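A short worksheet on the structure shown next.
The values are calculated or read from the model by the stated rules, or taken from the named source; none is laboratory data. The structure presented is a predicted model; accordingly, all values stated were derived computationally and were not measured. Positions of Cβ are generated from backbone atoms using ideal geometry, with glycine treated the same way; all protein chains shown enter the neighbour counts. We work out accessible area using only protein heavy atoms, side chains counted, and drop any ligands, DNA or RNA first. Shrake-Rupley method; radii C 1.70, N 1.55, O 1.52, S 1.80 Å.
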Amino acid sequence: MIIAIDGPAAAGKGTLARQIADHFKLNYLDTGSLYRGVGLNVLKNGGDPANEDDALKAAKALKHDDLTDCNLRTAEAGQLASVVAQIPAVRAEILEFQRRFANKPPGAVLDGRDIGTVVCPDADVKIFVTASDEERARRRHAELIARKEPCDYEMVLEDLRNRDRRDTERVIAPLIPATDAHLLDTSKLDIEAAFQAAIDIINGS
Ligand code: DC
């Protein structure tokens with residue numbers, strides 16, 4: 001079984017996808033971490049994240065250890081990820097890894113932006129998770145504060161909107177619900193209620 005969870009930044013995809021994977025005993029892949037790892041690698045190499053050669057070199061060199069970098073979840077890594085993710089050669093480099101992961105038994109839950117549209121168009125269930133901009137910013141702000149990253153709410157909101165714009169407007173694999181995706185708005189749902197709504201969608205599919 002393959003379950004695709006897509007949606008904009010901080011909509012709650014990661015928490016939800018991890019819980020669904022645990023529940024159905026499936027593998028789990030946070031595909032955003034791959035782009036974040038590439039973005040951080042470009043920075044470590046002193047390269048330019050918008051430069052195709054620099055970004056592709058970093059994508060080819062991506063290692064498992066890069067995905068446990070303590071800076072992976074920072075706002076800066078998110079922005080860098082969104083920039084390298086616009087480069088078709090970087091996406092192509094990462095695509096096969098994601099597909100192999102998804103097809104390994106017993107199956108997987110993948111979360112990202114293009115799982116239902118590009119990476120796993122034949123996924124058994126596709127869920128597009130959304131929440132209002134303000135609610136997503138509130139959650140991300142709380143997450144950054146908990147990690148002791150200095151930030152202010154307005155800046156977090158602006159950062160999310162910039163990233164969403166870049167992810168939605170890019171030419172390749174933009175952030176868009178697959179035509180057969182179930183929409184799940186978590187604005188007014190806590191983690192438990194969002195999980196239950198997702199389970200209902202999956203069991204009803
Ligand atoms: O899910 P996240 O916030 O960790 O993702 C970071 C960035 O990576 C996101 O702004 C766009 C990019 N990304 C992507 O283009 N495609 C994916 N499947 C996952 C993430």
Would you check if Gln79 is under 28 Å from Leu184 (Cα atoms) and crowded, with 19+ Cβ neighbours inside 10 Å?
-> no
Could you run through region 30-64 and say how many residues are surrounded by fewer than 16 Cβ atoms within 10 Å (Cβ to Cβ) and under 30 Å from Ile20 (Cβ atoms)?
-> 2
The lone condition Val109 fails out of (1) open to solvent by less than 50 Å² (accessible area, probe 1.4 Å); (2) modelled with pLDDT under 95; (3) within 14 Å of the chain's Cα centre (by Cα); (4) not aromatic (Phe, Trp, Tyr) is (2)
Scanning region 152-200 residue by residue, those surrounded by 16 or more Cβ atoms within 10 Å (Cβ to Cβ), over 15 Å from the mean Cα position of the chain (by Cα) and in a helix (DSSP H, G or I) turn out to be Val156, Leu157, Asp159, Ala194, Phe195, Ala197, Ala198
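Looking at region 152-205, which of its residues are of a type in the set (S, T, N, Q) and either within 16 Å of the ligand (Cβ to nearest atom) or without any contact (Cβ under 8 Å) to a residue 40 or more places away in the chain (or both)?
Across region 152-205, the qualifying residues are Asn162, Thr168, Thr179, Thr186, Gln196, Asn203.
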Would you mind stating whether Ala108 is over 22 Å from Asp53 (Cα atoms) and not acidic (Asp, Glu)?
-> yes
Applying the selection to region 130-151, what residues are open to solvent by less than 70 Å² (accessible area, probe 1.4 Å) and away from the ligand (no atom under 14 Å from the Cβ)?
-> Ser132, Asp133, Glu135, His141, Ala142, Glu149, Cys151
Selected residue [open to solvent by 30 Å² or more (accessible area, probe 1.4 Å), within 21 Å of Asp54 (Cβ to Cβ) and either without any contact (Cβ under 8 Å) to a residue 60 or more places away in the chain or not in a loop (DSSP other than H, G, I, E, B) (or both)] from Leu72, Leu67 | Leu67
Which listed residue, of Val119, Val38, is under 14 Å from the mean Cα position of the chain (by Cα), in contact (Cβ under 8 Å) with a residue 60 or more places away in the chain and over 26 Å from Ser187 (Cα atoms) | Val119
May I ask you to say which residue of Ile115, Ile127 is touching a strand residue (DSSP E or B) at 6+ places or on another chain (Cβ under 9 Å), at pLDDT 95 or above, open to solvent by less than 30 Å² (accessible area, probe 1.4 Å) and more than 12 Å from the ligand (Cβ to nearest atom)?
-> Ile127
Restricting attention to region 7-19, which residues are within 13 Å of the ligand (Cβ to nearest atom) and farther than 17 Å from Glu135 by Cα?
-> Ala17, Arg18
Taking region 84-105 on its own, how many of its residues are outside any helix (DSSP H, G or I), open to solvent by 30 Å² or more (accessible area, probe 1.4 Å) and within 12 Å of the ligand (Cβ to nearest atom)?
-> 1
Is region 23-30 home to any residue that is touching a Leu at 6+ places or on another chain (Cβ under 6 Å), within 16 Å of the ligand (Cβ to nearest atom) and touching a residue at least 40 places away in the same chain (Cβ under 8 Å)?
-> yes
